[in-house]
Amino acid sequence: MTQTTENDDLELWRAVTDTVKPLSSKTPAKKAAHVSLRKKLTVDVKPVRHTPDFDYSVTEKLTEGDIHAMDKKTGQRFRNGEMPIEAVLDLHGYTLESGFDALVKFVYAQEKRGARCLLLITGKGGFLGRGVIRAEVPNWMNASEIRSLILSYCQAKPKDGGEGAFYILLKRHRS
């Protein structure tokens with residue numbers, strides 16, 4: 001930190017502290033000294049992706065088809081494709097990077113909307129059924145950006161895309 005920056009910070013701090021009044025004080029607070037608007041504070045702030053409602057301590061890795069975190073009936077309905085699909089994301093034509101970004105945005109948007117069951121279409125990929133995006137889905141589901149929002153995921157039933165698609169079950173948004 002340079003000397004001028006320290007002086008500016010000290011001047012700003014004094015201006016702020018002059019306006020603070022103790023809770024038990026009967027005397028009114030002083031007005032803040034004028035601080036030049038030219039002395040703007042520059043702070044690099046990254047946007048928060050998660051809302052404070054979510055548990056950041058989730059460390060358990062999700063595995064495909066694992067339904068232990070829900071009741072038996074809901075788990076069976078989810079794995080059997082009987083839950084209503086509330087939104088669909090088709091990743092055909094995406095690269096790995098753009099596909100992951102699209103998935104993160106999609107999951108956040110649907111969570112904010114209150115959706116529960118999503119369908120992610122990756123495609124089977126090639127002749128051998130070894131699609132690059134499809135192979136990355138387990139890693140994406142465990143990515144720190146979206147892990148705290150996802151309860152479970154599993155391969156879709158043939159009527160919804162079979163081996164080339166996944167059901168994603170989001171956690172309930174409880175307020």
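Every number here is computed from the coordinates shown, using simple stated rules; none is lab data. This is a predicted model, so every value here is computed, not measured. Glycine also receives a Cβ, built like all others from the backbone with ideal geometry; neighbour counts cover every protein chain displayed.
How much FRET efficiency would the formula 1/(1 + (r/R0)^6) give for V104 and V16, where r is the Cβ-Cβ distance and R0 is 41 Å, rounded to 0.05? Spell out each step's value before the answer.
Values: r = 38 Å, r/R0 = 0.92.
About 0.60, to the nearest 0.05.
If the label point is 7 Å along Cα→Cβ of E60, which residues in segment 123-163 have backbone nitrogen under 15 Å from it?
It comes to 142, 147-153, nothing else.
Modelling each spin label as a point 7 Å along the Cα-to-Cβ direction, I'd like the K112/D160 distance in nm, to one decimal.
The two pseudo-label positions are separated by 2.4 nm.
Can you list the trypsin sites (Lys or Arg not before Pro) in segment 63-132 that are in a DSSP coil and have 15 or fewer other beta carbons within 10 angstrom?
Answer in residue order: K124, R130.
Subtract the Cα-Cα distance of V88 and N7 from 0.36 nm times their separation in residues, and report this length gain in nm to one decimal. Spell out each step's value before the answer.
Values: separation 81, 0.36 × 81 = 29.16 nm, distance 5.51 nm.
Going from the current span to full extension adds 23.6 nm.
Can you tell me which aspartates and glutamates have their Cα less than 17 Å from the Cα of K112? Leave out same-chain residues fewer than eight positions away.
Filter leaves D53, D55, E86, D101, E145.
For segment 79-175, restrict the atom set to alpha-carbon positions and state the Rg and Dmax in Å.
Radius of gyration, then largest Cα-Cα span, for segment 79-175: 12.7, 46 Å.
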